[in-house]
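Student: Pasting a structure below so you can have a look.
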Amino acid sequence: MNTKIIRNGVLFVAGVLVAYGSPALARAAGNPQDAGQTQAAPAEQNQPGRPDLNLTDDQKAQMKKIHEGAKSQIAAVNSDSSLSADQKQAKIQSIHRDTHKQVEAMLTPEQRQTMRAWRHAHRGEKSQQQPPAAS
């Protein structure tokens with residue numbers, strides 16, 4: 001159970017890196033005339049897996065730095081044998097909250113709104129997919 005929580009924390013950070021780093025960087029590399037903002041291809045716009053925030057190159061660099069920092073912090077927590085599983089879980093959750101705050105702080109108001117709307121919709125989909133708990 002405890003390793004599952006830790007593993008999920010690491011997977012969360014890795015997923016965020018993939019969701020925000022790779023697609024945005026791929027679009028930017030494929031469309032060099034848009035130096036400040038990137039536009040997703042029509043096929044990518046309707047993918048439910050991630051929101052299209054149209055990050056600037058500077059925001060992409062900030063996002064990468066934030067998530068690399070979170071990833072290294074989580075790795076340090078996971079390798080700290082002096083912490084119990086509950087302490088590790090609490091620290092990882094704190095890292096996730098801090099990372100979320102840092103990401104939100106670097107977004108424009110419109111990007112924050114897009115992110116919040118996607119997160120709200122994504123949480124709704126997630127709760128619908130989970131089977132009811134056995135009573």
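Each reported figure results from applying straightforward, stated rules to the coordinates on display, with no laboratory input. Note that this is a predicted model, so its numbers are computed, not measured. Here the Cβ is made from the backbone with ideal geometry for all residues, glycine too, and neighbour counts use every protein chain on show.
Student: Can you tell me which residue in segment 62-86 is farthest from A117 (Cα to Cα), limited to those that are aliphatic (A, V, I, L, M) and surrounded by 12 or more Cβ atoms within 10 Å (Cβ to Cβ)?
Tutor: Among them, the one singled out is L83.
Student: Further question on the same structure: (1) closer than 26 Å to H122 by Cα; (2) acidic (D, E); (3) part of a helix (DSSP H, G or I): which one isn't true of D58, the others all being true?
Tutor: For D58, the failing item is (1).
Student: Check off (1) without any contact (Cβ under 8 Å) to a residue 24 or more places away in the chain; (2) in a helix (DSSP H, G or I); (3) more than 14 Å from L53 (Cα to Cα) for E110 and give me the number that stays unchecked.
Tutor: (3)
Student: Could you say whether any residue in segment 76-91 is in contact (Cβ under 8 Å) with a residue 40 or more places away in the chain and outside any helix (DSSP H, G or I)?
Tutor: The answer is no, given that none of the residues of segment 76-91 is in contact (Cβ under 8 Å) with a residue 40 or more places away in the chain and outside any helix (DSSP H, G or I).
Student: Could you grab me the full set of residues in segment 92-110 that are surrounded by 14 or more Cβ atoms within 10 Å (Cβ to Cβ) and over 19 Å from Q73 (Cα atoms)?
Tutor: M106, L107
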